[in-house]
Amino acid sequence: MPFKLTTRSFRTRVARRIFLLFIICALVPVSVLSGISYWTVYNQLQNQARNYLRQECKSLSISIYERLLLFRSELKSAASVFQAYTASDKTLSIDFSLRELGSNFSGFGIRQGETWHPLAGSIDRPPRPNMLQADWLSDGNALLMLERRNDRIEQFMVLPLPSEGDPPAWIIGKIDTSFIWEAAEARPPETEVIILDRATGFLYGSVPYNPLIGEGTFSLELKPHSGLFDWKDRDRTYAASFRAIHLKPNFFHPDWVVVLSRAKEDIFAPMRSFRITFPVMIVIAVALVFMLSLVLIQKNLTPIEKLRLGTEKIAEEQFGYQVDIASGDEFETLGNAFNDMSDRLKEGRLLLVRSSKLATMGQVSTGLFNELRQPLTGIGGMAQVLLTDDSLSEDYKEKLKRIKEGIIRMEAILSRFGEFAQISGRRMRPLVLPELIDRIQAYTQVQIEKNNIQVSVDHQKGLPMISGNAHSLEQAFANLVINSIHALEVRAGNDRQLSINTYQWGGKVMVDVIDNGCGMPKRVQTRIFDPFFTTKDVDKGTGLGLSIVESIIHNHGATIDLESTVHVGTKFTVSFPVDLPKETINDA
């Protein structure tokens, strides 16, 4: 239903109270909380940005340090390989490959005093360790050395080799720095990385130059182990986090410092848009609250108006009148309950009318059965006697035969009438419905096979028993099956299908009789259970079959429903109440 803003929405006191309640209890708190939330979120985003830089800087520092430890392990392996090759031959002219000695170094060599022996890869003469470094190496430790060559810093790692002579021998590997800086190149987006050596200065940067070092701003800022600071480059301000990598305990080298920076305009970009969007959101929220209050008023009043109109229609005996309430709340539940009540009143009225008709049919049937059966029997007997008189002409006897056939047909109709009188007096007993259906299938099997009909019977396991009269129900379901067989007779081809299903649904035992026969139009469906109504030829039906079926079903406290589409098929659904203790049938 489209929303319409009208002054009628505010005519009642309830509507005005709801509107004022929204204004006082919604708009004022929303405005106050919006301002508080803005400043809280602003400060929180600042802290999150700095914590993010600190954590990423720590992660990058650990990754670089682990790669240096990996270089040390590979150099130890290279020293072991070298010793294995020279165990029998003390010369140093063996040609080693980098694959044998370690893949992350660009070259290896042996230094003993002033003598330099390249072993593998590309490596120039490295710097010679000083006295302090030599003492460090004499204890079996690894040494990291850096040397500036042609505006670039080359890195070397040194390990001592077992040697009996003097001077000592060391294996030296030239570090492939690209392997170390891979960790820095995998930095988070919109961040800049700078790695410094406290002794030699700039080692690596994600930008081609480093204005910080030129201005000397790091000299005081990076003395602690880690921290946060801000710096400027031209017109941009950066927030930075730094962390020192302590190399002296394992490599006897001054600390490296990892600096991770990010422009504040990138860090606080969400905040800039937040400053614009947040006031807009407040205005939108205020407008939404205003509109929602109006919607709620109309939503509450419209269902009440519909229910009032519905009660007036019921008072005018327009049973079955429906109200359309789709509010998604208790009003919708109340509307559905009203619709159910209206449907039940309509069904009760129809059931009352139908019960009255059936009662009348029973009374009329009893009278007709008793008053007409005897005279018809006498007339039939006299006609049979006259047929044995040889003095009568053949034309006269032919007329007597037609009289006899008419009497037989009238007796058949009276017999069907008699069934109305017998239905209500039959005794009810507990029945297993699937067994009764199987008997019906057996009774009608000859007609089914004669018409090339494919039958499928499906029984749900564990169905509870029902209370009923076996003879009456057999008569009712036999009529339904025969009705389907007649509907299938007019279907061309061999695709004639009949399905009978029993199952439990919604606390009731259900039976479906489904065929893909000719189907029925709407005008026939509304009259199909009326006595003497039939679409068959006069010699094929009396129009009482489905009336008797409905009477039997009604006498069992059950209901029968019909769904049919022309040229598609027909479905009869019978619903039995379950009022007995649950007893399951044999699983077989």
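Look at Leu92 and say whether it is modelled with pLDDT under 75, surrounded by 11 or more Cβ atoms within 10 Å (Cβ to Cβ), in contact with a Gly (Cβ under 6 Å, 6 or more places away or on another chain) and in the same structural domain as Phe242 (by TED's automatic domain parsing). For Leu92, the condition - modelled with pLDDT under 75, surrounded by 11 or more Cβ atoms within 10 Å (Cβ to Cβ), in contact with a Gly (Cβ under 6 Å, 6 or more places away or on another chain) and in the same structural domain as Phe242 (by TED's automatic domain parsing) - is not met. Counting the residues of segment 555-576 that are of a type in the set (Ser, Thr, Tyr) and under 18 Å from Ile437 (Cα atoms) gives 3. For segment 238-262, taking the residues that are part of a strand (DSSP E or B) and aliphatic (A, V, I, L, M), the one that is nearest to Tyr65 (Cα to Cα) is identified as Ile245. Any idea which residue in segment 384-406 is farthest from Ser456 (Cα to Cα), counting only those that are at pLDDT 75 or above and among the β-branched types (Val, Ile, Thr)? Checking each candidate, the answer is Thr388. Restricting to segment 425-455, count the residues that are touching a His at 6+ places or on another chain (Cβ under 6 Å) and either polar (S, T, N, Q) or more than 24 Å from Val578 (Cα to Cα) (or both). Count: 0. Within segment 479-513, being of a type in the set (A, V, I, L, M) and under 19 Å from Arg439 (Cβ atoms) holds for Leu480, Val481, Ile482, Ile485, Leu498, Ile500, Val509, Met510, Val511, Val513.
Whenever a residue of segment 513-524 is of a type in the set (Asp, Glu), its partners that are assigned to a strand (DSSP E or B), lying with C-beta atoms within less than 6 angstrom and at least six residues away or across chains, give the pairs Asp515/Leu498; Asp515/Gly569; Asp515/Thr570. Gln46 satisfies every condition listed in (1) surrounded by fewer than 14 Cβ atoms within 10 Å (Cβ to Cβ); (2) at pLDDT below 90; (3) of a type outside the set (A, V, I, L, M, F, W, C) except (1). Assess whether His253 counts as being assigned by TED's automatic domain parsing to the domain that holds Leu203, loosely packed, with under 15 Cβ neighbours inside 10 Å and either within 30 Å of Leu132 (Cβ to Cβ) or under 48 Å from the mean Cα position of the chain (by Cα) (or both). Spelling it out, it is not the case that His253 is assigned by TED's automatic domain parsing to the domain that holds Leu203, loosely packed, with under 15 Cβ neighbours inside 10 Å and either within 30 Å of Leu132 (Cβ to Cβ) or under 48 Å from the mean Cα position of the chain (by Cα) (or both). Can you say whether Ala15 is assigned by TED's automatic domain parsing to the domain that holds Phe251, more than 30 Å from Ser178 (Cα to Cα), surrounded by 16 or more Cβ atoms within 10 Å (Cβ to Cβ) and at pLDDT below 75, as far as the supplied structure shows? Yes, satisfied.
In segment 172-198, the residues that are on the phi > 0 side of the Ramachandran plot reach residues that are at pLDDT below 90 with C-beta atoms within less than 9 angstrom, at least six apart or across chains, in these pairs: Glu190/Arg262; Glu190/Ala263; Glu190/Asp266; Glu190/Ile267.
Do any residues in segment 555-572 that are within 20 Å of Ile482 (Cβ to Cβ) have Cβ atoms under 9 Å from those of residues that are basic (Lys, Arg) and in a strand (DSSP E or B), where the two are at least six apart or on different chains, and which pairs are they? Close Cβ pairs (under 9 Å, with a partner that is basic (Lys, Arg) and in a strand (DSSP E or B)) amount to Ala558/Lys508; Asp561/Lys571; Leu562/Lys571; Glu563/Lys571; Ser564/Lys571.
For Arg148, the criteria (1) surrounded by 15 or more Cβ atoms within 10 Å (Cβ to Cβ); (2) part of a strand (DSSP E or B) hold in every case but one, which is (1). Residues that are of a type in the set (Phe, Trp, Tyr) and either in a strand (DSSP E or B) or buried (at least 19 other Cβ atoms within 10 Å of the Cβ) (or both) within segment 151-186 comprise Phe156, Trp170, listed in sequence order.
Scanning segment 281-339 for residues that are of a type outside the set (D, E, K, R), within 26 Å of Arg17 (Cα to Cα), in a helix (DSSP H, G or I) and not assigned by TED's automatic domain parsing to the domain that holds Ile24 yields a count of 4.
Exactly one residue out of Val158, Val207, Val193 is under 30 Å from Ser59 (Cα atoms), at pLDDT 85 or above and under 60 Å from the mean Cα position of the chain (by Cα): that is Val193.
The values are calculated or read from the model by the stated rules, or taken from the named source; none is laboratory data. Quantities reported herein were computed from a predicted structural model and do not represent experimental measurements. Because the Cβ atoms are built from the backbone with ideal geometry, glycine has one as well, and the counts that use them run over all protein chains shown.
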